[in-house]
There are 2 protein chains.
Amino acid sequence: MDLNKIFGERKTVVQVEEGNELAPKFDALGLIPAVTTDYDSGELLMHAYMNAEALFLSITTGEAHYFSRSRQAIWHKGATSGLTQKIRELKIDDDQDCIWLRVDVAGGASCHVGYRSCFYRTVPSGSGITTDAPLELEFTEHEKVFDPEEVYQGAPNPTKL
Amino acid sequence: MDLNKIFGERKTVVQVEEGNELAPKFDALGLIPAVTTDYDSGELLMHAYMNAEALFLSITTGEAHYFSRSRQAIWHKGATSGLTQKIRELKIDDDQDCIWLRVDVAGGASCHVGYRSCFYRTVPSGSGITTDAPLELEFTEHEKVFDPEEVYQGAPNPTKL
C-alpha cells in the first residue's frame, strides 16, 4: 500500500464535504489535528497532530500514531509508556481537516502527566463569573493513573511554555 | 472583567501542568484549538479555534464563541443559524494549549453542511486494509438536520480546498 495513493486529491468543496473519497487537508506544516476520545465513555483523552505518515500508520495498523511537534518525529502512542491506543473507529470532519479517533486505551491513561485524560481541569464559565485575577481551575481527576517519572525516566517533558 | 487579567502568565511547566491558574497558550496566529462534544451523548461535534477574545466571551457568556479563520472574525456559533451551543463544562488540557467544550446544542446540529456532527463519515482502518486507491469513506449520518442553503442563504461556504 502506497501512502501517496490512499489520499485523494481535493478538487471541489462538494467532493470534499459530500463525497466518499478520503481527501484530507494537511496544513502549511504538513499536519492535521487529531482528537482522541475513549470509545466506551466518550471522554476526550487528548488533542494532537498527525502528518501524512502518522495518518497512514494509524489507518493501516489500527493503533494511534501522531506526529510529535516537540520531537519532530512520528510518535507511536504508547511506545514508551505501554499505554497504546487501539482504534475502534476513525472519522473525518466535513472539510476533511480534522481526524477523530475513538480508541481503547491499554493501561487506562493517555496523558503524559499521568492522568487518564489530558483534560483533568475545569475552567469556570457562565454569566456569574466576575474577577480580574487569573481564573482558578478545578481538578476533576484527583489521582494519577501512573507515575510519569517512573514511566518516562528522564525523557524531556513535551510541554512548551 | 478584563480580558487581559483573567489569563495568567505561563512561567513554569509545573505551574502550567499541575497548577490551578488558567494560563492558556495561543499559537503564533493567536489561536488555541477548541474541541466541542455533546454533553449528553459525548459525540464529537466539531473542532475549531478560539482567539483570546473568543475564549473570554465563551467563559463569560456561557455560549460557545470561536474565531473564524475564513472570515477572520469572532464567530458566535449559532448567530446565523440559531444553532447556539450552551456550555455545560469548559476544560483545558495538560499544557493548556487546547480547550474542550461540553455543550447542549439548540436545534440539535453543529455542522454547516447540515449534519448533527461534523464527523459524519468513517475512514476504514485496521490491518486488513489493502488498496492503492483513495480510501472510501462511509457515511454514518444519513439525513441532514437542516438545509444549509435555506439557513445560510448565500453566505460563503467556509470550507477551503
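Do any strands (runs of 3 or more DSSP E) lying entirely in region B:50-161 carry at least 3 residues that are touching a strand residue (DSSP E or B) at 6+ places or on another chain (Cβ under 6 Å) and of a type in the set (A, V, I, L, M), and which ones are they? Before you say what the answer is, go through the steps one by one.
Working: elements: B:65-68, B:73-76, B:85-92, B:99-105, B:121-123.
It comes to B:85-92, B:99-105.
Of all residues in region A:24-36, how many are more than 9 Å from chain B (Cβ to nearest Cβ) and either in a strand (DSSP E or B) or open to solvent by 40 Å² or more (accessible area, probe 1.4 Å) (or both)? So the answer is 7. Set side by side, the residues B:ASP97, B:ASP147, B:ASP104, B:ASP93 differ, and just one is touching a His at 6+ places or on another chain (Cβ under 9 Å) and more than 7 Å from chain A (Cβ to nearest Cβ), which is B:ASP97.
Against the numbered list (1) buried (at least 17 other Cβ atoms within 10 Å of the Cβ); (2) within 30 Å of A:THR130 (Cβ to Cβ); (3) out of contact with any Phe, Trp or Tyr (no Cβ under 6 Å at 6 or more places or on another chain), B:THR61 comes up short only at (1).
Looking at A:GLU9, A:GLU21, A:GLU17, can you tell me which residue is of a type outside the set (A, V, I, L, M), farther than 28 Å from B:LYS91 by Cβ, within 10 Å of chain B (Cβ to nearest Cβ) and crowded, with 19+ Cβ neighbours inside 10 Å?
On the way: A:GLU9 fails: crowded, with 19+ Cβ neighbours inside 10 Å; A:GLU21 fails: crowded, with 19+ Cβ neighbours inside 10 Å.
When all the criteria are applied, what remains is A:GLU17.
Yes/no per residue for (1) at the interface with chain B (Cβ under 8 Å from one of its Cβ atoms); (2) under 18 Å from B:PHE56 (Cβ atoms); (3) among the basic types (Lys, Arg):
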site	(1), (2), (3)
A:PRO124	yes, yes, no
A:SER127	yes, yes, no
A:GLU138	yes, no, no
A:ALA155	no, no, no
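Once region B:73-105 is narrowed to residues that are in contact (Cβ under 8 Å) with a residue 60 or more places away in the chain and among the hydroxyl-bearing types (Ser, Thr, Tyr), the residue that is surrounded by the fewest Cβ atoms within 10 Å (Cβ to Cβ) is B:THR80.
Regarding region A:102-121, can at least one residue be identified that is in contact with a helix residue (DSSP H, G or I) (Cβ under 7 Å, 6 or more places away or on another chain) and over 30 Å from B:ASN4 (Cα atoms)?
Looking only at region A:102-121, we keep the residues that are in contact with a helix residue (DSSP H, G or I) (Cβ under 7 Å, 6 or more places away or on another chain), and these are A:112-114, A:116.
Narrowing the set further to residues that are over 30 Å from B:ASN4 (Cα atoms) leaves A:114, A:116.
The answer is yes, given that some residue of region A:102-121 is in contact with a helix residue (DSSP H, G or I) (Cβ under 7 Å, 6 or more places away or on another chain) and over 30 Å from B:ASN4 (Cα atoms).
What tally of residues in region B:14-72 results from selecting those that are over 26 Å from A:LEU101 (Cβ atoms) and β-branched (Val, Ile, Thr)? Residues meeting the conditions: 4. For region A:40-55, a residue qualifies if it is within 10 Å of chain B (Cβ to nearest Cβ) and either surrounded by fewer than 20 Cβ atoms within 10 Å (Cβ to Cβ) or of a type in the set (Ser, Thr, Tyr) (or both), and the qualifying residues are A:ASP40, A:SER41, A:GLY42, A:GLU43, A:TYR49.
The values are calculated or read from the model by the stated rules, or taken from the named source; none is laboratory data. None of these values were measured; they are calculated from a predicted model. A quick note on method: Cβ atoms are made from the backbone with ideal geometry, for glycine too, and the neighbour counts reach across all protein chains shown. To get the accessible areas, we keep the full protein, side chains included, count just its heavy atoms, and leave off ligands, DNA and RNA. Shrake-Rupley method; radii C 1.70, N 1.55, O 1.52, S 1.80 Å.
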